[in-house]
Each structure stands twice: as structure tokens, then as C-alpha cells.
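Heads up: the structure comes next, in C-alpha cells.
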Amino acid sequence: MKPSKAPWDHAPPIEEEERQMEEEGPEFAMIRRIELLARLHRTAFRSLFREDGFQPAQAGAMKVILRFPGLSQRELADKLHIQRATATVMLQKMEKAGFIDRRPDKEDQRISRIYPTELAMAIDAENTKNVDAYFARCVEGIAPADFDAMLRGLTCMIENLKAILEENPDPLRKE
């Protein structure tokens, strides 16, 4: 069986991309690097969770559930910045795998509260070590001043994108 190609293998060689980016301007080059960074991160991060059954999005949700046990599904979706329907599917899978329990709210039976199981808490301890090591390796070699400048620049870009979306709402957004 032929091994599948990694997502970055489908892209042109780095030298060709660099030349194309220079021709398009520094803004384009920056956005392209952010896109490549996101693709590589998604692929590398997903590889951390192969054995325990967590998907990266589920690991993020579990962190929130562990930190705030008893959240409703709506509260979890809001904290994760995802649609409620997406949270529903994720929670169904997590419940089936034994990572969470859903219990009715004591005052309003229509609301389910989400709690981590013992299994989830045990897996989280190991995942925390792996994720911490992963993030440390991702930023290895970046000088503190460069790191601070990157954070400021990315924060500014996020605010600019939010303003663009306020001015031009996404017509495909369901919520």
C-alpha cells in the first residue's frame, strides 16, 4: 500500500512559494505563512491524540469541561466559539467513549449539565504533559522579544478581522 502524502507535500516547494509570496507583497506572504502554520499545526497536533481516542477538538472541549464542570451544552459551545450543533455531535461521541456524563439540571430538567468522568481525568493528566511539550517545541528557538512581537501582531490581526466581520457578516454563519 502506498503511503499517503502529508498535507504540506501537495504544496509547491518552499523556494517557489517564497518567490510567489515576494511577488504578491508582504501582507500576502504573512497570511500564506499563517495558513501553512495552521495546516501543519492541525496535522501535528492531531498526531498527539491517536492512542487515547480524543480528537483535538474533543481535547479542547475536555479542558473546558474539566475547568468548569457542570456547564450546559450552550455554555460549552459559547466558550469554545462553536455552533451548538457541533457541540452536540462532539458531546455524543465523548459520552459514548466514556469521557463525559450528562446529568439533568436540578432546577431546570430541560438543561443537561456536562461532567468529566474518571477516565477523562486520568487521560487529561497525560495529555497535559504531551500538549505542554508540544507547545514548547513549537515555539523553540523564538527569542522572547520576537515572541512578544508575534503575539501583538497576531492580536492586532484578530481584532482587524473581527472588525471586518462586523462590517460584513458571514452570510454562511448559522448562528
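Going by the conditions given, is Arg113 closer than 25 Å to Arg74 by Cα and over 19 Å from the mean Cα position of the chain (by Cα)? Considered against the rule, which asks whether it is closer than 25 Å to Arg74 by Cα and over 19 Å from the mean Cα position of the chain (by Cα), Arg113 comes out as yes.
The residues of segment 95-121 that are in a helix (DSSP H, G or I) and surrounded by 12 or more Cβ atoms within 10 Å (Cβ to Cβ), listed by number, are Glu95, Leu119, Ala120, Met121. When Ala149 is tested against (1) modelled with pLDDT of 95 or more; (2) outside any helix (DSSP H, G or I), only condition (2) is not met. Of all residues in segment 23-50, those satisfying the criterion of being over 21 Å from Val89 (Cα atoms) and open to solvent by 80 Å² or more (accessible area, probe 1.4 Å) are Glu23, Glu24, Pro26, Glu27, Phe28, Met30, Arg33, Glu35, Leu37. In segment 62-71 there is no residue that is farther than 25 Å from Leu172 by Cβ, under 16 Å from the mean Cα position of the chain (by Cα) and not in a helix (DSSP H, G or I).
Close Cβ contacts (under 7 Å, 6 or more residues apart or on different chains) running from residues in segment 95-112 that are acidic (Asp, Glu) to residues that are in a loop (DSSP other than H, G, I, E, B) comprise Asp101/Thr117; Asp105/Ile111.
A quick yes/no check of all residues on (1) modelled with pLDDT of 90 or more; (2) closer than 28 Å to Leu161 by Cα:
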position: Glu17; (1), (2): no, yes
position: Glu22; (1), (2): no, yes
position: Pro26; (1), (2): no, yes
position: Ala44; (1), (2): no, yes
position: Asp52; (1), (2): no, no
position: Ala61; (1), (2): yes, yes
position: Leu66; (1), (2): yes, no
position: Gln92; (1), (2): yes, no
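In this structure, does Leu165 turn out to be of a type in the set (A, V, I, L, M) and assigned to a loop (DSSP other than H, G, I, E, B)? Against the criterion (of a type in the set (A, V, I, L, M) and assigned to a loop (DSSP other than H, G, I, E, B)), Leu165 does not qualify. For segment 60-105, name all the residues that are closer than 23 Å to Val131 by Cβ and polar (S, T, N, Q). The answer is Thr86, and nothing else.
The values are calculated or read from the model by the stated rules, or taken from the named source; none is laboratory data. Everything quoted here is computed from the prediction, not taken from an experiment. Don't worry about glycine lacking a Cβ; one is built from the backbone with ideal geometry, like all the others, and counts go over all protein chains shown. Surface accessibility is based on the protein's heavy atoms, side chains included, excluding ligands, DNA and RNA. Shrake-Rupley method; radii C 1.70, N 1.55, O 1.52, S 1.80 Å.
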